[in-house]
Structures are given as structure tokens and as C-alpha cells.
Amino acid sequence: MHKYNEHIKINNSTIHKVNGFPNDIWGWGTEDLVLENRTNYYNITTKQEHPEYLLQFNDVYDRVYSRDYMNTYNKHANLFPRLSNEQKLQEIMKTGLNNILNIQS
């Protein structure tokens with residue numbers, strides 16, 4: 001189980017440091033894994049808190065397991081951990097806030 005499978009709050013500076021979320025995610029759930037991979041890469045310390053009222057929100061059954069979802073999930077769950085640090089950084093910088101910010105500039 002991944003550590004970001006609940007609601008999270010994150011500082012603006014942290015989300016910019018990790019380049020936000022990639023723009024290639026389809027379906028539910030993979031964004032948690034991507035954020036975990038990115039914070040791990042940058043050695044950002046996290047803590048888990050599970051307020052009782054959040055336990056009522058379980059979206060597992062709302063997820064659609066399409067081919068696009070499974071390909072994206074596999075990329076971030078199985079392939080990312082095997083990459084070298086240089087490849088991980090390339091993957092992080094390939095898509096995310098930097099793409100959006102470049103469009104708005």
C-alpha cells in the first residue's frame with residue numbers, strides 16, 4: 001500500500017520542487033503513487049495522518065481500470081523504481097508543472 005492513498009496536504013514550495021503531478025495520468029489512484037515517487041526522489045520527509053472522518057471516503061470502487069490506466073499505473077508503479085537516479089529525474093521533469101508553466105509564459 002502506498003503512503004499517499006488518503007487525502008494529503010502539501011506546501012506550495014514542495015509541489016513545485018517535485019514538479020507537481022504528471023499530465024499523463026488516466027483514471028484514479030496513480031497520482032498518489034507518482035507523488036510518492038517524486039517526494040522519495042527528493043528525500044522529502046512525509047508523515048501520515050488518518051483523521052477518523054477521512055476513513056469514510058474510499059474511492060477504490062470508483063476507479064476505472066482501462067488500458068490507459070493500467071499502462072500509466074505500470075509505468076509509475078513498476079518501472080519508475082527500477083530507473084537510475086538520472087532517469088528518474090528525466091521522468092519527473094518530462095511532464096508536470098513545468099509543462100503548464102511553459103504554456104502560460
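The values are calculated or read from the model by the stated rules, or taken from the named source; none is laboratory data. The model shown is predicted, which means the values in this text are computed figures rather than measured ones. Note that we place each Cβ from the backbone using ideal geometry, even for glycine, and neighbour counts take in every protein chain shown.
Hey, among the residues in segment 21-31 that are surrounded by 19 or more Cβ atoms within 10 Å (Cβ to Cβ) and modelled with pLDDT under 85, which one's nearest to Leu79 (Cα to Cα)?
Applying the filter and picking the extreme gives Thr30.
So, in segment 55-83, exactly how many residues are exposed (fewer than 11 other Cβ atoms within 10 Å of the Cβ), modelled with pLDDT under 70 and not β-branched (Val, Ile, Thr)?
Adding up the residues that qualify gives 8.
What number of residues within segment 80-99 satisfy the criterion of being in contact with a Pro (Cβ under 9 Å, 6 or more places away or on another chain) and of a type in the set (Asp, Glu)?
1
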